[in-house]
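Accompanying notes for the structure given below.
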Amino acid sequence: MKWSTTATQKIFSITFQPFHYLALLLIVNILLENNQQLNTALVLKAQRGNAEALKLLYSQYNKAMFNICIRLMGNNEDAEDVLHDAFIIAFKSLHQWKEAVQFGGWLKRIIINECIKQGKKKKGWDEWEDEKHDVLDEEKGTWWDGVTMAQIHNQIKALPDGCRQIFTLYAVENYSHKDIAESLGVSEGTSKSQYHRAKQLLRERLGREI
């Protein structure tokens, strides 16, 4: 069937009418709600030890959780080890979890905690002069223009262990410097210093790629 120009115009004119836009939003919300209900049912089934449900949960969350691991651990081998251990912990504790609807957030906390636990074994707190902090923050300009997300992701992975983990926790996972300090057993000053060092390194390295 070949669409005419008139038919196409009619479709677009209908699509962007306010009433139809609201109807579309309603449909999207219904689909999201249904998806959440299906996910909750899957978690509840997994809590009862259903092997197929556990496999589906792993498939559903594996990629997103691996991306967190790779940002925090910096290499595939360590990321895969942490991912494996974290899923084992989650599935063993799943029967105790009361809020099935919040499974994704709960799993993410386990993933991050395991990454932090492994990160403590790799000390990487290189000194960086405090006076550089203010200079970096005061500098203006959109130095990230022309940089792709893939380039940023790759350069985050390439950061030294200490500042990479702190940068990811602060900038990506929205941890405060106080939370980071408590989790890693360092001072807030060290957390801030390593975060600024990571920003400076990213700026220099990404600048060379543009």
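The values are calculated or read from the model by the stated rules, or taken from the named source; none is laboratory data. In this text the structure is predicted, and so the values were computed from the model without any measurement. FYI the Cβ positions are ideal-geometry reconstructions off the backbone, even for glycines, and counts take in every protein chain you see.
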Exercise. When you scan segment 18-109 for helices (runs of 4 or more DSSP H) that lie fully inside it, which ones turn up with 2 or more residues that are at pLDDT 90 or above and surrounded by 15 or more Cβ atoms within 10 Å (Cβ to Cβ)?
Worked result: 51-73, 76-93
Problem set entry | Residue selected from segment 152-188 under the condition without any contact (Cβ under 8 Å) to a residue 24 or more places away in the chain and more than 18 Å from residue 118 (Cα to Cα), by the criterion nearest to the chain's Cα centre (by Cα) | 174
Problem set entry | Scope segment 169-191; condition hydroxyl-bearing (Ser, Thr, Tyr) and touching a Phe, Trp or Tyr at 6+ places or on another chain (Cβ under 9 Å); matching residues | 170, 176, 183, 190, 191
Exercise. Of the residues that make up segment 154-162, is at least one buried (at least 20 other Cβ atoms within 10 Å of the Cβ) and assigned to a loop (DSSP other than H, G, I, E, B)?
Worked result: yes
